[in-house]
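The values are calculated or read from the model by the stated rules, or taken from the named source; none is laboratory data. This structure is a prediction, so every number in the text was calculated from the model and none was measured. When we count neighbours, we look across all protein chains shown, and the Cβ atoms used for this are built from the backbone with ideal geometry, even at glycine.
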Amino acid sequence: VKRVRTTDILIVGAGAIGSFTALNLAREGHKVTVIDRKVPGIEASGANAGSLGVQNKPFELGALAAESVDLWRDFELDTGSEAGYHRLGGFRVAETEDGVDRLRDLAPKFRSIGVNVEHIDGDEARRRAPYLSESVLAANFCDIDGHNNSLKAVPLVARAATSAGATIISGVEARSFQKTGDTFVVTTSDGEIMCDRLVITAGVWSRDILRDAGIHLPVALRNNQMMVTEPAPDFLNYIVFHIDGHLTIKQVHPALSCLIGGGWPGTGDFRAHQREVSYRSAIGNAALAIRVVPELANLRVLRSWSGFDWRTTDQMPVVGQIPNFPGLFICTSCYGGYTISPALARGLAKAVTTGLLSEQISQFSPEATVLRHEQHSEESHSVTT
Ligand SMILES: Cc1cc2nc3c(=O)[nH]c(=O)nc-3n(C[C@H](O)[C@H](O)[C@H](O)COP(=O)(O)OP(=O)(O)OC[C@H]3O[C@@H](n4cnc5c(N)ncnc54)[C@H](O)[C@@H]3O)c2cc1C
(Lines give C-alpha, C1' and ligand atoms only; values in the text may rest on other atoms or scores of the structure.)
Protein backbone atom coordinates (compact mmCIF):
# COMPACT_ATOMS: atom_id res chain seq x y z
CA VAL A 1 0.00 0.00 0.00
CA LYS A 2 1.44 3.35 -1.06
CA ARG A 3 1.99 5.65 1.90
CA VAL A 4 0.37 9.09 1.52
CA ARG A 5 0.99 11.94 3.92
CA THR A 6 -0.49 15.43 3.86
CA THR A 7 0.79 18.72 5.19
CA ASP A 8 0.21 22.41 4.49
CA ILE A 9 3.82 23.30 3.79
CA LEU A 10 6.49 20.79 2.75
CA ILE A 11 10.15 21.76 2.92
CA VAL A 12 12.63 19.58 1.02
CA GLY A 13 16.07 19.71 2.65
CA ALA A 14 16.99 20.32 6.28
CA GLY A 15 20.21 22.26 5.86
CA ALA A 16 20.61 25.62 7.60
CA ILE A 17 18.13 27.31 5.27
CA GLY A 18 15.41 24.63 5.41
CA SER A 19 15.74 24.13 9.17
CA PHE A 20 15.54 27.84 10.00
CA THR A 21 12.59 28.20 7.61
CA ALA A 22 10.80 25.37 9.39
CA LEU A 23 11.53 26.98 12.77
CA ASN A 24 10.07 30.31 11.63
CA LEU A 25 6.95 28.70 10.15
CA ALA A 26 6.34 26.39 13.11
CA ARG A 27 6.70 29.28 15.55
CA GLU A 28 3.94 31.07 13.62
CA GLY A 29 1.70 28.02 14.05
CA HIS A 30 1.83 26.65 10.49
CA LYS A 31 1.59 22.96 9.74
CA VAL A 32 5.02 22.31 8.28
CA THR A 33 6.83 19.09 7.41
CA VAL A 34 10.50 18.83 6.45
CA ILE A 35 12.02 15.85 4.70
CA ASP A 36 15.74 15.26 4.38
CA ARG A 37 17.36 12.50 2.37
CA LYS A 38 19.89 12.10 5.17
CA VAL A 39 19.71 14.03 8.45
CA PRO A 40 19.53 17.75 9.27
CA GLY A 41 22.80 19.64 8.76
CA ILE A 42 24.77 16.79 7.21
CA GLU A 43 25.79 18.47 3.94
CA ALA A 44 27.24 21.98 3.37
CA SER A 45 25.62 23.23 6.58
CA GLY A 46 27.65 20.77 8.65
CA ALA A 47 30.83 20.70 6.54
CA ASN A 48 31.50 24.41 6.64
CA ALA A 49 33.97 26.52 8.61
CA GLY A 50 31.33 27.94 10.94
CA SER A 51 32.48 31.48 10.12
CA LEU A 52 29.78 34.00 10.90
CA GLY A 53 31.58 37.01 9.51
CA VAL A 54 29.91 40.21 8.35
CA GLN A 55 32.70 42.27 6.79
CA ASN A 56 33.94 39.36 4.64
CA LYS A 57 30.69 39.23 2.66
CA PRO A 58 30.11 41.05 -0.62
CA PHE A 59 28.84 44.50 0.35
CA GLU A 60 25.39 43.75 -1.17
CA LEU A 61 24.96 41.03 1.49
CA GLY A 62 26.35 43.09 4.40
CA ALA A 63 22.98 44.12 5.86
CA LEU A 64 21.61 40.55 5.69
CA ALA A 65 24.81 39.24 7.29
CA ALA A 66 24.54 41.77 10.13
CA GLU A 67 20.89 40.81 10.70
CA SER A 68 21.85 37.14 10.60
CA VAL A 69 24.61 37.19 13.19
CA ASP A 70 22.08 38.69 15.62
CA LEU A 71 19.61 35.93 14.67
CA TRP A 72 22.27 33.25 15.26
CA ARG A 73 23.02 34.79 18.68
CA ASP A 74 19.32 35.09 19.52
CA PHE A 75 18.66 31.50 18.48
CA GLU A 76 20.99 30.32 21.27
CA LEU A 77 19.60 32.81 23.80
CA ASP A 78 15.95 32.00 23.00
CA THR A 79 16.26 28.22 22.94
CA GLY A 80 19.10 27.65 25.40
CA SER A 81 20.86 25.67 22.65
CA GLU A 82 24.65 25.53 22.78
CA ALA A 83 25.75 25.94 19.19
CA GLY A 84 29.08 27.50 20.17
CA TYR A 85 28.36 31.05 19.03
CA HIS A 86 31.30 33.40 19.72
CA ARG A 87 31.33 37.05 18.68
CA LEU A 88 35.09 37.60 18.82
CA GLY A 89 35.52 40.34 16.28
CA GLY A 90 37.53 39.79 13.15
CA PHE A 91 40.40 41.18 11.10
CA ARG A 92 40.25 41.23 7.33
CA VAL A 93 43.85 41.65 6.24
CA ALA A 94 45.54 42.95 3.10
CA GLU A 95 49.04 42.08 1.87
CA THR A 96 49.08 44.29 -1.24
CA GLU A 97 48.62 48.02 -1.81
CA ASP A 98 45.61 47.22 -3.99
CA GLY A 99 44.10 45.19 -1.15
CA VAL A 100 44.75 48.06 1.29
CA ASP A 101 42.91 50.47 -1.04
CA ARG A 102 39.92 48.13 -1.24
CA LEU A 103 39.83 47.71 2.54
CA ARG A 104 40.01 51.49 2.99
CA ASP A 105 37.03 51.92 0.65
CA LEU A 106 34.99 49.18 2.32
CA ALA A 107 35.19 50.50 5.92
CA PRO A 108 32.97 53.61 5.42
CA LYS A 109 30.60 51.66 3.17
CA PHE A 110 29.94 49.14 5.93
CA ARG A 111 29.64 51.93 8.50
CA SER A 112 26.97 53.54 6.29
CA ILE A 113 24.76 50.47 6.90
CA GLY A 114 25.46 50.45 10.64
CA VAL A 115 28.24 47.84 10.69
CA ASN A 116 31.20 49.06 12.70
CA VAL A 117 34.26 48.44 10.50
CA GLU A 118 37.50 50.21 11.39
CA HIS A 119 40.45 50.57 9.00
CA ILE A 120 43.86 50.28 10.70
CA ASP A 121 47.45 49.96 9.51
CA GLY A 122 49.56 46.83 9.83
CA ASP A 123 51.40 47.97 12.99
CA GLU A 124 48.13 48.69 14.78
CA ALA A 125 46.75 45.31 13.64
CA ARG A 126 49.86 43.56 15.07
CA ARG A 127 49.58 45.56 18.30
CA ARG A 128 46.06 44.15 18.77
CA ALA A 129 46.78 40.72 17.29
CA PRO A 130 50.53 40.05 17.70
CA TYR A 131 50.29 36.78 15.77
CA LEU A 132 49.69 38.62 12.47
CA SER A 133 52.81 38.63 10.30
CA GLU A 134 54.80 41.55 8.85
CA SER A 135 53.21 40.73 5.47
CA VAL A 136 49.98 42.33 6.72
CA LEU A 137 50.03 45.91 5.44
CA ALA A 138 46.63 46.91 6.82
CA ALA A 139 43.43 45.39 8.17
CA ASN A 140 39.77 46.16 8.72
CA PHE A 141 38.41 45.24 12.12
CA CYS A 142 34.73 44.39 12.59
CA ASP A 143 33.47 43.84 16.11
CA ILE A 144 30.50 41.62 15.16
CA ASP A 145 32.42 39.00 13.20
CA GLY A 146 32.30 35.60 14.87
CA HIS A 147 31.69 31.90 14.44
CA ASN A 148 29.81 28.91 15.79
CA ASN A 149 30.12 25.14 15.70
CA SER A 150 28.65 24.00 12.41
CA LEU A 151 28.68 20.36 13.49
CA LYS A 152 26.19 21.16 16.24
CA ALA A 153 24.22 24.19 15.08
CA VAL A 154 21.81 22.97 12.39
CA PRO A 155 20.77 19.78 14.22
CA LEU A 156 19.94 22.12 17.13
CA VAL A 157 17.90 24.41 14.86
CA ALA A 158 16.03 21.36 13.54
CA ARG A 159 15.40 20.18 17.10
CA ALA A 160 14.02 23.62 18.00
CA ALA A 161 11.76 23.49 14.93
CA THR A 162 10.43 20.12 16.11
CA SER A 163 9.79 21.52 19.59
CA ALA A 164 7.87 24.39 17.97
CA GLY A 165 5.62 21.89 16.19
CA ALA A 166 7.33 21.09 12.86
CA THR A 167 7.55 17.48 11.70
CA ILE A 168 11.05 16.60 10.53
CA ILE A 169 11.52 13.30 8.74
CA SER A 170 15.06 12.08 8.11
CA GLY A 171 16.02 9.48 5.50
CA VAL A 172 13.28 10.41 3.02
CA GLU A 173 14.26 11.71 -0.42
CA ALA A 174 12.07 13.85 -2.69
CA ARG A 175 12.24 12.35 -6.19
CA SER A 176 9.79 14.40 -8.25
CA PHE A 177 6.70 16.53 -7.92
CA GLN A 178 3.55 17.37 -9.83
CA LYS A 179 0.89 19.98 -9.33
CA THR A 180 -2.75 18.96 -9.62
CA GLY A 181 -5.10 21.89 -9.14
CA ASP A 182 -3.81 23.71 -6.07
CA THR A 183 -2.12 20.66 -4.60
CA PHE A 184 1.46 19.51 -4.99
CA VAL A 185 2.04 15.78 -4.99
CA VAL A 186 5.64 15.01 -4.10
CA THR A 187 6.90 11.52 -4.82
CA THR A 188 9.44 10.46 -2.24
CA SER A 189 11.46 7.37 -1.38
CA ASP A 190 8.73 6.65 1.19
CA GLY A 191 5.44 7.26 -0.61
CA GLU A 192 3.74 10.52 -1.57
CA ILE A 193 3.33 13.76 0.30
CA MET A 194 0.54 16.17 -0.63
CA CYS A 195 0.91 19.84 0.27
CA ASP A 196 -0.38 23.31 -0.63
CA ARG A 197 3.03 24.96 -0.66
CA LEU A 198 6.32 23.34 -1.60
CA VAL A 199 9.64 24.82 -0.50
CA ILE A 200 12.87 23.58 -2.08
CA THR A 201 15.93 24.12 0.14
CA ALA A 202 17.82 21.01 -0.91
CA GLY A 203 21.20 22.70 -1.34
CA VAL A 204 22.93 21.91 -4.60
CA TRP A 205 20.46 19.08 -5.24
CA SER A 206 17.68 21.66 -5.68
CA ARG A 207 18.99 22.07 -9.22
CA ASP A 208 17.94 18.52 -10.12
CA ILE A 209 14.52 18.74 -8.47
CA LEU A 210 13.75 22.01 -10.24
CA ARG A 211 15.25 20.97 -13.57
CA ASP A 212 12.85 18.02 -13.65
CA ALA A 213 10.04 20.60 -13.40
CA GLY A 214 11.51 22.53 -16.33
CA ILE A 215 12.98 25.28 -14.13
CA HIS A 216 16.59 26.29 -14.74
CA LEU A 217 18.42 28.57 -12.35
CA PRO A 218 21.72 30.22 -13.28
CA VAL A 219 23.74 28.48 -10.59
CA ALA A 220 27.10 26.73 -10.45
CA LEU A 221 28.32 23.84 -8.33
CA ARG A 222 31.23 24.40 -5.96
CA ASN A 223 33.21 22.09 -3.77
CA ASN A 224 35.01 23.83 -0.89
CA GLN A 225 37.51 22.34 1.48
CA MET A 226 38.64 22.86 5.05
CA MET A 227 41.28 21.66 7.48
CA VAL A 228 41.61 21.51 11.25
CA THR A 229 44.81 21.41 13.31
CA GLU A 230 45.71 19.70 16.54
CA PRO A 231 44.93 21.67 19.74
CA ALA A 232 47.23 24.66 20.22
CA PRO A 233 48.00 27.08 23.05
CA ASP A 234 45.16 29.60 23.29
CA PHE A 235 46.59 32.38 21.11
CA LEU A 236 44.22 33.36 18.29
CA ASN A 237 41.64 35.60 19.91
CA TYR A 238 40.13 36.98 16.70
CA ILE A 239 38.87 35.46 13.48
CA VAL A 240 41.09 36.29 10.49
CA PHE A 241 39.90 36.83 6.90
CA HIS A 242 41.80 37.96 3.80
CA ILE A 243 40.68 40.67 1.38
CA ASP A 244 41.86 38.57 -1.53
CA GLY A 245 39.53 35.80 -0.66
CA HIS A 246 40.83 32.44 0.08
CA LEU A 247 41.55 32.47 3.81
CA THR A 248 39.66 32.16 7.07
CA ILE A 249 41.39 31.24 10.33
CA LYS A 250 39.89 30.80 13.77
CA GLN A 251 40.71 28.97 16.97
CA VAL A 252 37.75 27.11 18.37
CA HIS A 253 36.86 26.59 22.02
CA PRO A 254 37.05 24.44 24.06
CA ALA A 255 39.03 22.20 21.66
CA LEU A 256 41.63 24.93 20.90
CA SER A 257 42.28 23.53 17.45
CA CYS A 258 42.56 25.99 14.56
CA LEU A 259 40.15 25.80 11.62
CA ILE A 260 41.62 26.90 8.30
CA GLY A 261 39.55 27.43 5.18
CA GLY A 262 38.50 30.20 2.85
CA GLY A 263 37.03 28.50 -0.20
CA TRP A 264 39.89 26.48 -1.73
CA PRO A 265 38.35 23.93 -4.12
CA GLY A 266 38.14 20.26 -3.19
CA THR A 267 37.73 17.46 -5.69
CA GLY A 268 35.38 14.48 -5.96
CA ASP A 269 32.47 13.35 -8.02
CA PHE A 270 29.19 15.10 -7.44
CA ARG A 271 27.08 12.41 -9.13
CA ALA A 272 28.74 9.63 -7.14
CA HIS A 273 28.48 11.77 -4.03
CA GLN A 274 32.20 11.60 -3.37
CA ARG A 275 33.74 14.55 -1.60
CA GLU A 276 37.51 14.52 -1.60
CA VAL A 277 40.38 16.76 -0.65
CA SER A 278 42.73 18.34 -3.18
CA TYR A 279 46.31 18.24 -1.86
CA ARG A 280 47.22 21.16 -4.09
CA SER A 281 44.46 23.21 -2.41
CA ALA A 282 45.46 21.99 1.05
CA ILE A 283 49.05 23.10 0.45
CA GLY A 284 47.97 26.45 -1.02
CA ASN A 285 45.59 27.10 1.86
CA ALA A 286 48.18 26.14 4.50
CA ALA A 287 50.91 28.24 2.85
CA LEU A 288 48.68 31.32 2.82
CA ALA A 289 47.57 30.71 6.42
CA ILE A 290 51.18 30.41 7.62
CA ARG A 291 52.20 33.54 5.72
CA VAL A 292 49.53 35.54 7.58
CA VAL A 293 49.78 33.75 10.98
CA PRO A 294 53.27 32.18 11.12
CA GLU A 295 52.66 30.30 14.41
CA LEU A 296 50.34 27.95 12.54
CA ALA A 297 53.47 26.34 11.04
CA ASN A 298 54.07 24.65 14.40
CA LEU A 299 50.78 22.75 14.27
CA ARG A 300 49.93 19.46 12.63
CA VAL A 301 46.82 19.21 10.51
CA LEU A 302 44.58 16.47 11.90
CA ARG A 303 41.85 16.32 9.28
CA SER A 304 40.78 17.86 6.02
CA TRP A 305 37.44 17.52 4.22
CA SER A 306 35.30 19.08 1.52
CA GLY A 307 31.61 19.74 0.91
CA PHE A 308 29.30 20.65 -1.97
CA ASP A 309 27.87 24.11 -2.19
CA TRP A 310 26.22 26.05 -4.98
CA ARG A 311 25.77 29.66 -5.87
CA THR A 312 24.59 31.83 -8.68
CA THR A 313 27.47 33.10 -10.74
CA ASP A 314 27.24 36.49 -9.00
CA GLN A 315 27.24 34.71 -5.58
CA MET A 316 23.89 36.22 -4.57
CA PRO A 317 21.01 34.12 -3.19
CA VAL A 318 17.77 33.35 -5.05
CA VAL A 319 14.78 33.56 -2.70
CA GLY A 320 11.05 33.45 -3.25
CA GLN A 321 8.24 32.04 -5.32
CA ILE A 322 9.05 30.63 -8.74
CA PRO A 323 7.31 32.79 -11.39
CA ASN A 324 4.28 31.11 -12.98
CA PHE A 325 4.38 28.39 -10.31
CA PRO A 326 2.14 29.58 -7.45
CA GLY A 327 2.98 27.77 -4.24
CA LEU A 328 6.51 26.71 -5.28
CA PHE A 329 9.31 28.43 -3.36
CA ILE A 330 13.08 28.24 -3.40
CA CYS A 331 16.06 29.53 -1.50
CA THR A 332 19.56 28.90 -2.80
CA SER A 333 22.86 29.30 -1.07
CA CYS A 334 25.09 32.33 -1.72
CA TYR A 335 28.47 33.70 -0.68
CA GLY A 336 28.45 32.98 3.08
CA GLY A 337 25.22 30.99 2.87
CA TYR A 338 25.64 29.56 6.35
CA THR A 339 26.09 32.99 7.96
CA ILE A 340 23.15 34.45 6.09
CA SER A 341 20.81 31.44 6.42
CA PRO A 342 18.70 32.83 9.32
CA ALA A 343 17.86 36.06 7.47
CA LEU A 344 17.21 34.21 4.20
CA ALA A 345 14.97 31.77 6.05
CA ARG A 346 13.08 34.60 7.70
CA GLY A 347 12.50 36.19 4.28
CA LEU A 348 11.52 32.86 2.76
CA ALA A 349 9.05 32.05 5.55
CA LYS A 350 7.44 35.45 5.04
CA ALA A 351 7.17 34.81 1.29
CA VAL A 352 5.59 31.41 1.92
CA THR A 353 2.95 32.78 4.28
CA THR A 354 2.21 36.18 2.75
CA GLY A 355 3.46 35.93 -0.83
CA LEU A 356 5.57 39.02 -0.14
CA LEU A 357 9.30 39.59 0.02
CA SER A 358 10.83 42.22 2.27
CA GLU A 359 12.51 45.11 0.47
CA GLN A 360 15.92 43.79 1.40
CA ILE A 361 15.19 40.30 0.05
CA SER A 362 13.22 41.32 -3.05
CA GLN A 363 16.43 42.17 -4.93
CA PHE A 364 17.16 38.41 -4.74
CA SER A 365 13.80 37.16 -6.06
CA PRO A 366 13.91 34.68 -8.96
CA GLU A 367 12.68 37.43 -11.33
CA ALA A 368 15.34 39.91 -10.18
CA THR A 369 18.01 37.21 -10.47
CA VAL A 370 17.18 36.36 -14.05
CA LEU A 371 17.11 40.07 -14.95
CA ARG A 372 20.47 40.68 -13.25
CA HIS A 373 22.07 37.77 -15.06
CA GLU A 374 20.68 38.90 -18.42
CA GLN A 375 22.00 42.41 -17.83
CA HIS A 376 25.32 41.04 -16.65
CA SER A 377 25.75 38.89 -19.76
CA GLU A 378 24.83 41.86 -21.97
CA GLU A 379 27.39 44.00 -20.16
CA SER A 380 30.13 41.40 -20.45
CA HIS A 381 29.20 40.95 -24.10
CA SER A 382 29.58 44.65 -24.78
CA VAL A 383 32.95 44.68 -23.02
CA THR A 384 34.34 41.86 -25.12
CA THR A 385 33.12 43.16 -28.51
C1 LIG B 1 33.70 23.40 3.17
C2 LIG B 1 32.73 24.55 3.21
C3 LIG B 1 33.03 25.65 4.01
C4 LIG B 1 32.11 26.71 4.10
N5 LIG B 1 32.36 27.69 4.99
C6 LIG B 1 31.39 28.61 5.24
C7 LIG B 1 31.54 29.52 6.31
O8 LIG B 1 32.50 29.45 7.09
N9 LIG B 1 30.57 30.46 6.50
C10 LIG B 1 29.48 30.54 5.69
O11 LIG B 1 28.67 31.42 5.89
N12 LIG B 1 29.28 29.64 4.68
C13 LIG B 1 30.20 28.67 4.45
N14 LIG B 1 30.00 27.73 3.48
C15 LIG B 1 28.76 27.77 2.69
C16 LIG B 1 27.58 27.21 3.50
O17 LIG B 1 27.94 26.04 4.18
C18 LIG B 1 26.39 26.93 2.58
O19 LIG B 1 26.11 28.08 1.81
C20 LIG B 1 25.11 26.61 3.39
O21 LIG B 1 25.39 25.68 4.41
C22 LIG B 1 24.04 26.07 2.44
O23 LIG B 1 22.93 25.64 3.20
P24 LIG B 1 21.70 24.92 2.52
O25 LIG B 1 20.70 24.73 3.59
O26 LIG B 1 21.32 25.67 1.28
O27 LIG B 1 22.27 23.54 1.93
P28 LIG B 1 22.76 22.15 2.58
O29 LIG B 1 23.40 22.34 3.89
O30 LIG B 1 23.56 21.46 1.51
O31 LIG B 1 21.42 21.35 2.86
C32 LIG B 1 20.66 20.72 1.85
C33 LIG B 1 19.93 19.53 2.49
O34 LIG B 1 19.02 18.99 1.52
C35 LIG B 1 19.03 17.59 1.62
N36 LIG B 1 18.56 17.04 0.32
C37 LIG B 1 19.18 17.14 -0.87
N38 LIG B 1 18.44 16.57 -1.83
C39 LIG B 1 17.32 16.10 -1.24
C40 LIG B 1 16.18 15.42 -1.72
N41 LIG B 1 16.03 15.14 -3.03
N42 LIG B 1 15.23 15.07 -0.82
C43 LIG B 1 15.35 15.37 0.51
N44 LIG B 1 16.42 16.02 1.00
C45 LIG B 1 17.40 16.40 0.15
C46 LIG B 1 20.47 17.23 1.93
O47 LIG B 1 20.59 15.95 2.56
C48 LIG B 1 20.86 18.39 2.87
O49 LIG B 1 20.68 18.07 4.24
C50 LIG B 1 30.91 26.68 3.33
C51 LIG B 1 30.62 25.57 2.50
C52 LIG B 1 31.51 24.52 2.45
C53 LIG B 1 31.15 23.33 1.60
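Could you tell me whether region 214-228 includes any residue that is in contact (Cβ under 8 Å) with a residue 24 or more places away in the chain, on the phi < 0 side of the Ramachandran plot and touching a Leu at 6+ places or on another chain (Cβ under 6 Å)? Taking every residue of region 214-228 in turn, at least one turns out to be in contact (Cβ under 8 Å) with a residue 24 or more places away in the chain, on the phi < 0 side of the Ramachandran plot and touching a Leu at 6+ places or on another chain (Cβ under 6 Å).
Pull up region 108-127, narrow it to residues that are outside any strand (DSSP E or B) and free of Cβ contacts under 8 Å to residues at least 24 places away in the same chain, then point me to the one that is nearest to Glu295 (Cα to Cα). The qualifying residue nearest to Glu295 (Cα to Cα) is Arg126. Scanning region 162-179 finds one or more residues that are among the charged types (D, E, K, R) and either modelled with pLDDT of 95 or more or under 29 Å from Leu236 (Cα atoms) (or both). Considering only residues in region 213-237 that are more than 10 Å from the ligand (Cβ to nearest atom) and of a type in the set (D, E, K, R), the one that is farthest from Asp8 (Cα to Cα) turns out to be Asp234.
Of the strands (runs of 3 or more DSSP E) lying entirely inside region 291-346, those containing at least 2 residues that are within 12 Å of the ligand (Cβ to nearest atom) are 301-312, 328-331. For Ala14, the stated conditions hold: it is within 8 Å of the ligand (Cβ to nearest atom) and more than 20 Å from Gly263 (Cβ to Cβ). Of the conditions (1) surrounded by fewer than 23 Cβ atoms within 10 Å (Cβ to Cβ); (2) in a strand (DSSP E or B), Val199 fails just one. Which one is it? Only one criterion in (1) surrounded by fewer than 23 Cβ atoms within 10 Å (Cβ to Cβ); (2) in a strand (DSSP E or B) is unmet by Val199, namely (1). Restricting the first member to region 55-81 and to residues that are outside any helix (DSSP H, G or I), and the second to residues that are aliphatic (A, V, I, L, M), the beta-carbon pairs closer than 6 Å and six or more apart or on different chains are Gln55/Val117; Lys57/Ala65; Ser81/Leu156. Scanning region 179-212 for residues that are more than 15 Å from the ligand (Cβ to nearest atom), under 24 Å from Glu367 (Cβ atoms) and polar (S, T, N, Q) yields nothing.
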